[in-house]
Amino acid sequence: MAYVDTEEKQKKEEKWRLSRQQIIQHQKKSLLFTPFSVGWVPNTASVAVVGQYPNNHGALSFFRLDKGELDEVVGLRVEHPLKCGTFGHAGQDPATFAVGDFVGGLRVMDVERLGELTSERGKVCDLSPASTFHAPHAHGSIINAIDGARGVGPPEIATGSRDGGVRVWDARQPERPVVSLNPADPARARDCWTVRLGNGVDPDERVLAAGYDNGDVKLFDLRTQRMVHEMSVSNGVCDLEFDRADIEMNKLIISCLEGRVRCYDLRTRHPKLGFAYVEERVSDGTVWCSRALPQNREVFISGGGGDLTLCRYQYPPERSLKDQDGLTRGVAGAVEELNKAKIGDQPINAIDWNRSKEGLLACTSFDQSLRIVLVSKLSLLS
């Protein structure tokens, strides 16, 4: 009898899971290099992937989704391995792509001109003809993370490095960074693993979030060039994500080691307690990255040890309350897991939603694969 009850319960759980949003692998492309970053070219069905070949060359490839197939349209070898890339700073036409490499170099390239370059088999390609910006010594060590400023304001690019430095660059002037945030003691600098730009409500307002290997997260006001808040998540910060970068700071999603995701409500800061947050375990392994859905900022997806977890943030009845001292403190909401899908055996290390097509995303993993994934029924969550 107990066996029958268990079987019926499993059937009900499976039926419930299938009635929700589905995470479906649409295409998988095996790569000859280890990918570290993926991004959709704005307003297209093409993705850019950067990484490292076994012989320590850098990889820069573009793939187009055409009639259900992934075709490589650009495949270049470059001198140094590439760690990160972004289209965030770019205008819509022409699109430019910014990358950071393993020796601390920062480069911005015109996508159309990249398509005209070729790489002979096994030989390094010169990216200079396609480059609009090149700072070969932007940092003293590997650039771990990069992000572009969305919304109004100058086309700024933020970078974070193993040297502990966080810098902001204007894509129109490669000579020097417009903001340079360096550790007080370089000998004891913490490795900066991730950076994100947000609060882009007008041309003058912008906030930079930086996450470090020791679990620290720092928020910098770029207008006043000072740190406005610091918090800690106990261990390494793998990724940061503002739910929307072009509005007043609302939520910050932090991807952590040990399978945890933490969501901070950034609307209310208590003088002593800081920002309210909720923490949820979404994977058995490290959560390498999380990305908010561009069409619905309450929905996000996280990549863990070979699985993708779709979640929704639910606000509390009241987002702030007065404490016994009359000070306003934030109230955290809840994270609801909508669905989870196992799409591989190796960690999912990079994710990007398509901003033009709801539910279409690209992700890469350490099994040297690029995947195109479809997430269904997202419109029912709005």
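Couple of notes before you dig in:
- For the chain, a Gaussian network of Cα nodes joined below 10 Å ranks C125, C84, C311 by mean-square fluctuation, and the top entry is C125.
- Ascending count of other beta-carbon atoms within 10 Å, so fewest first, for I343, I247: I247, I343
- Adding -39500 (n - 2.57) for every DSSP H run of four residues or longer, then dividing by how many residues the chain holds, sets the calculated 222 nm ellipticity at -1500 deg cm²/dmol.
- Mean-position separation - Cα centroids, region 50-112 and region 337-382, in angstrom: 20 Å
- Whole-percent pair-distance distribution, where bins are 10 Å wide, for the alpha carbons of the chain: 5, 23, 34, 25, 9, 3, 1, 0
- Two-decimal log10 I(q)/I(0) for region 153-235, as the Debye equation yields it once each C-alpha is a single scatterer, q = 0.12 Å⁻¹: -0.33
- Electrostatic tally near H89: other residues with Cβ closer than 11 Å to its Cβ, Lys and Arg +1, Asp and Glu -1, net -1.
- Backbone geometry of region 203-216 corresponds, through the Karplus equation with coefficients 6.51, -1.76 and 1.60 at θ = phi - 60°, to 3J(HN,Hα) couplings of x, 9, 9, 6, 10, 10, 10, 10, x, 10, 5, 8, x, 6 Hz, x marking Gly and Pro.
- For S365, residues with placed amide H under 5 Å, excluding near neighbours: N349
- Sequentially through region 151-160, phi angles give Karplus couplings (6.51, -1.76, 1.60; θ = phi - 60°) of x, 6, x, x, x, 8, 10, 9, 10, x Hz, Gly and Pro residues having no value and appearing as x.
- By the rule of a C-alpha distance below 20 Å, with chain neighbours fewer than 8 residues away ignored, the aspartates and glutamates paired with K11 are E337.
- Contact order relative to length of region 17-381, as percent, for alpha carbon pairs under 8 angstrom and 6 or more apart: 14 percent
- Table column - 3J(HN,Hα) (Hz), region 288-298, Karplus curve with 6.51, -1.76, 1.60, x for Gly and Pro: 6, 7, 9, 9, 6, 5, x, 7, 8, 5, 7
- Set of aspartates and glutamates near K272 by C-alpha distance (under 14 Å), chain-local residues within fewer than 8 positions excluded: E230, D323, D325
- Base-10 log of normalised Debye intensity for region 189-306 (one unit scatterer per alpha-carbon) at q = 0.11 Å⁻¹: -0.33
Every number in this text was worked out from the coordinates using simple rules, so none of it is lab data. No experiment lies behind these values; they were computed from the predicted model shown. Using ideal geometry, Cβ is built from the backbone for each residue, glycine included, and neighbour counts are taken over all protein chains shown.
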